[in-house]
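> Starting off with a structure, shown below.
The values are calculated or read from the model by the stated rules, or taken from the named source; none is laboratory data. None of these values were measured; they are calculated from a predicted model. Neighbour counts are summed over all protein chains in view; Cβ atoms, including those assigned to glycine, are modelled from backbone coordinates with ideal geometry. The protein model used for the area step is the full one, side chains on, heavy atoms only, and it has no ligands, DNA or RNA in it. Shrake-Rupley method; radii C 1.70, N 1.55, O 1.52, S 1.80 Å.
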Amino acid sequence: MGTRRSHTYTGPRVTYARRLVTGTLLAGSLILGTTAATAQIAPAAPAVQADIPAGTLDQVLNQFAANTGFLLVIDASLTAGKTSPGLSGTHTPAEGLALILAGSGLEAVPQTGGGYALRRLPASDGVTRLDTVKVQGVRETATGPANGYLATRSATALKSDTSIMDTPASVAVVTQQQIEAQATRTIGEALRYVPGVAVEFDGVDSRFDTIAFRGFNAGSVAWLDGVKLEGGMGAGNNWTLPQVDPYTLERIEVLKGPASVVYGQVVPGGMVNMVSKRPTPEHIRNVELTLGLPEQKRAGLDLGGPLGESDVAAWRLVALASDTDSHMDYVKRKRTLVAPSLTLPLGDKGEITLMASLQRDRGGSDYAWLPAYGTLYDNPNGEIPLSRFAGEPNFDRFDRDQDILGWSAEYELTSHWTLRQNLRAQRIKTTMESVTSDMYWEDDPAEGGWDWRTIQRYANRGVGKAHALGVDTQSEWRLTLGETRHTLLAGIDYYRSSFDATRETAEVGPAGSGGAFDLYNPVYGAAIGDFSPLSTLSSQSRQTGFYLQDQLQWRNWRLVAGIRHDRAVIDGSSEYGGSGLIEDIGQRDSATTGRLGALYRFDSGWAPYISYSTSFEPVGGATAEGTPFEPMRGKQTEIGIKYQPEGARWMASLAAFELRQTNRLTDDPVHGFPDQVQSGELRSRGFEFSIAGRLTPNWSVIGGYSFLDTKVTQSEIPDELNKPALYVPRHQASLWVDYTVTGQANPLAGTVFGLGVRYVGSSYGGDIEVPGGGYASIHIPSHTVADLRIATQLRTLGSAWRDSEVALNVTNIADTRYVNGCGSLWTCGWGLGRQVSLTFTGRF
């Protein structure tokens, strides 16, 4: 994000407004002289064909001015909160403006020398006074709003604001409009329509988001504004993890393939970077109210605007309160959060955005272990209800306090040299209490010994605290050497984190009962016994990475080369079962990773590319001989092609790839389990297709398909050799289409009808040495679900409501029952059932 620059008209009849108006407002190419009084307005253009969809009044006016070729001067305060049904047909500028502005209370006034300026319809005395207008040209940025479902720029892949069409890598962006249109409430839900990404594959879990990229499980690891969010893991303490609410985000971006060259430790399949809503010089007054089934009550507030007369200073406040039932009985979740941010100038060449998020989560968890018989397979007692809660209502809870503070700063030392820094400090505290199944390792019930309805349970209690600090400092040089243009990026990032956790366990019910629980006739109120220690963990980690990257542009070629070196340190101790036996944790790792990519931009809109990239992940522990484990390594070769015709508001891409991860842990062939060696390898190859954007003024689309062929190619465990990776569907396909009603006289103008279909192919579950066949022995069938949205604007209530709307969303319309995954025959998880929500969004 660069420092905002502007030029001001000082004539006596121009209105001053601190607002960014798109560059297309200036009809594609407006040259402003250094003396504002000498600015010339382009002459009026002849009649042209218009085919502009409904949108905000700003958007429709900007596109009409750009298409027609005239200058339009806009006072932001006049258009704020107003919408337009669009424009079609052949019109002169005057005719088109009159139709667009009909009913808005505004008119377009011809200016001397050509062009138009907006003003309110004159009062009865005919006197209209307009002051100074500040007009600024701006394009989409990597941290700002996107145009509908299509984002054209991103900084996730290269850490510099770059066109996605110029990036030799697979980048997917879920825009804020898509988040709103699909009524997503978690990051996992937001990624359902992204090909090559698997979510909710171990059953529904409201506590955190679990994501896999191209067959590699990334767990809950994610980045926020380019800085890694750290949680706590290890020794069975795997619940102290962050969860960011999509309501606070401008966009969610997925980079597929190894990304260690700019982000350090990361799985080879890819990563997700979330971009926060930031202050804006536009006035924002948004309110969101939602009611739904299962019962949900949700209220959101999004406010912002400029501060004083500065072009840079601005503020934003995002707040949310929700009280939501689960599809599961006795599980309620409450969330409150507030996320203020403030942008201030750093002299006249830079700016800093201070950001904070304070979040409190209270309630239970809908994560459950249920037997395969009654979910995946038939059970003589019938299907286990989706609503079945196998815990204890008066005991189970999951509470999280999550605080995130930081800044994003940028300063232009010269017109060719920019410094940036992103810093994030976070604190997470969780308390988890749950009663859960204690039958993970039990024998296959089909072989006898089970009554087909009763499970045994035990109680867990855990407390975790995680603290982290991450800072990424970058220096970017832009220079021209002959015919080549370079963007050189040098940076250093540093992460420091600590995690402390204790976990205890207790019996449930009368002594010797094993916490017996009838899944078909549940009785709650079992007593929880005395707790005994299960594990204690204290760890500290540090990582420092140095990276260098060059983006080169020569004619139609786009080349990228990067290299990075990391050093990582982990220290700590753990104790199991209250034995007093403390195991020290000590790990020292270093790794060098890189990336090469080349892309060619044809004038026709096609852009083929090829890339090679590597990654690393530290592995804790040592061999039987005491040799510390080395980091796992990943490498990928990818070829692809992107397509966006000139002027199109949609983009399509196709990519084929092969990934390999080496140094994976596998059983020691000499000493046997639990000793391990690093001779394992996992291969993933496949291809992906995606398309997103507005195809016509009425039709928009989000679609994708992925094919993944995964295989354990090397292992000392015969059970897993040549088997596919767990929970990875071979095929995935999704399509979301919406239709926007347009037309000047149509009373439904602005109404949107949306329909989506998601297909997730079959996959395999089953851990090593679990009953029923072992690794990848449980076949998880495919499933298909459909989603629906109907949204209508409230313009009939008056001009103040023109930008407000009411939307009905239905997820999983048919309430399809499906199993997402099974770790064993006793630990399967249902997929999410039907959800219905009615949302009022007020934009004032």
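> Charges at C-beta only: +1 for Lys and Arg, -1 for Asp and Glu. How large is the resulting dipole of the chain about its Cα centre, in Debye rounded to 20? Before the final figure, lay out each step's value.
Working: 75 positive and 89 negative charges, 693 e Å.
In total the dipole reaches around 3320 debye.
> In what sequence, highest mean first, do 639-647, 244-252 appear when ranked by Cβ atoms within 10 angstrom? Write out the running numbers ahead of the final one.
On the way: 639-647: 15.7, 244-252: 22.8.
Ranking, from highest mean packing down: 244-252, 639-647.
> Spin-label point model (7 Å from Cα, Cβ direction): what's the D348 to W699 distance in nm?
Each label point is offset 7 Å from its Cα along the Cβ direction, giving 5.2 nm.
> If you plug each phi of region 328-342 into the Karplus form 6.51 cos²θ - 1.76 cosθ + 1.60 with θ = phi - 60°, what whole-Hz ³J(HN,Hα) values come out, in order, with x for Gly and Pro?
Per-residue couplings from phi come out as 9, 4, 6, 10, 10, 10, 10, 9, 10, 8, 9, 10, x, 8, 9 Hz.
> Sort 582-593, 357-368, 733-744 by the packing proxy (mean of other Cβ within 10 Å over each peptide's residues), most packed first.
Numbers: 582-593: 15.8, 357-368: 20.2, 733-744: 18.6.
Descending packing order for the listed peptides: 357-368, 733-744, 582-593.
> Whole Å is fine, so just give me how far the alpha carbon centre of region 535-612 lies from that of region 340-395.
Their Cα centres are 27 Å away from one another.
> Let me ask something additional. Tell me, in nm to one decimal, what length is gained between F673 and A745 on full extension, where the rule is 0.36 nm per residue of separation less the Cα-Cα distance? Provide the component values of the computation, followed by the final result.
On the way: separation 72, 0.36 × 72 = 25.92 nm, distance 7.41 nm.
Roughly 18.5 nm would be gained on extension.
> Oh, and also: Set the bar at 24 Å for Cα to Cα. Now go through K228/K349; K228/K256; K334/K465; K256/K349; K256/K711; K332/K429 and name every pair that lies beyond it.
K228/K349; K256/K349
> Quick one: which residues, 5 or more positions from S804 or on another chain, have an amide H under 5 Å from its amide H? H modelled 1.01 Å from N in the peptide plane, none for Pro or chain starts.
L794, R843
> Set the Förster radius R0 to 25 Å, insert the Cβ-Cβ distance between R427 and I492 as r into 1/(1 + (r/R0)^6), and round the FRET efficiency to 0.05.
On the way: r = 24 Å, r/R0 = 0.96.
FRET efficiency, R427 to I492: 0.55.
> For region 382-387, what does the Karplus curve 6.51 cos²θ - 1.76 cosθ + 1.60, with θ = phi - 60°, yield as ³J(HN,Hα) per residue in whole Hz, taken in order and with x for Gly and Pro?
Rounded to whole hertz, the list is x, 7, 6, x, 4, 7.
> Can you work out the Karplus-derived ³J(HN,Hα) for every residue in region 299-316? Use 6.51 cos²θ - 1.76 cosθ + 1.60 with θ = phi - 60°, whole Hz, and x for glycine or proline.
Values per residue, Gly and Pro as x: 9, x, 9, 9, 10, x, x, x, 10, x, 9, 6, 6, 10, 4, 7, 9, 8 Hz.
> State to the nearest 20 debye the size of the charge dipole of region 288-363 about its Cα centre, where the only charges are +1 on K and R beta carbons and -1 on D and E beta carbons. Could you put the intermediate results ahead of the total?
Working: 10 positive and 11 negative charges, 85 e Å.
That gives a dipole near 400 debye.
> Top to bottom by accessible area (1.4 Å), largest first, where do I179, I352 land?
Numbers: I179 10, I352 35 Å².
Order by accessible area, largest first: I352, I179.
> Ranked highest first by the average count of other Cβ atoms within 10 Å around their residues, in what order do 93-104, 554-565 fall?
On the way: 93-104: 18.3, 554-565: 16.6.
Descending mean neighbour count gives 93-104, 554-565.
> Heavy atoms of the protein only, probe of 1.4 Å, neighbouring chains included. What is the accessible area of E625 in Å², nearest 10?
130
> Calculate, for region 685-812, the solvent-accessible area per residue in square angstrom, rolling a 1.4 angstrom probe over the heavy atoms of the protein chains. The partial results should precede the final answer.
Working: 5280 Å² over 128 residues.
With all protein chains present, region 685-812 gives 41 Å² per residue.
> Now, a different point. Taking 0.36 nm per residue of sequence separation and subtracting the Cα-Cα distance, how much length would be gained by fully extending the chain between L481 and A98, in nm to one decimal?
Values: separation 383, 0.36 × 383 = 137.88 nm, distance 4.95 nm.
The span from L481 to A98 would gain 132.9 nm if fully extended.
> Taking Cα centroids, how far is region 462-493 from region 793-844 in Å?
37
> Please give the per residue accessible area of region 287-412, computed with a probe of 1.4 Å over protein heavy atoms only, in Å².
On the way: 5080 Å² over 126 residues.
Solvent-accessible surface per residue comes out at 40 Å².
> Next up: How much of the accessible area of the chain, probe 1.4 Å, is carbon plus sulfur, in whole percent? Spell out each step's value before the answer.
Values: 19070 of 34030 Å².
Answer for the chain is 56 percent, counting heavy atoms of protein chains only.
> List the residues, sorted by chain then number, that are 5 or more residues from T623 or on another chain and whose placed amide H is less than 5 Å from its amide H.
The list, which skips near neighbours in sequence, is F629.
> Based on Cβ point charges of +1 for Lys and Arg and -1 for Asp and Glu, what charge dipole magnitude is obtained for region 157-262 about its Cα centre, in debye rounded to the nearest 20? All intermediate terms of the calculation are to be shown ahead of the outcome.
Working: 8 positive and 13 negative charges, 50 e Å.
Its charge dipole is roughly 240 debye.
> Next question. Hey, what's region 530-574 come to in accessible area per residue, 1.4 Å probe, Å²? Let's see the in-between values first.
Details: 2190 Å² over 45 residues.
Value for region 530-574: 49 Å² per residue.
> Check which residues have an amide H placed less than 5 Å from Y367's amide H, if you skip close sequence neighbours.
S206
> Taking R0 as 25 Å, what FRET efficiency do you get between I639 and S604 from their Cβ-Cβ distance, rounded to the nearest 0.05? Can you show the working numbers first?
Numbers: r = 19 Å, r/R0 = 0.76.
Given R0 = 25 Å and the Cβ-Cβ separation, E is 0.85.
> Between K332 and Y612, what is the label-point separation in nm under the 7 Å Cα-to-beta-carbon projection?
About 5.9 nm separates the two model spin labels.
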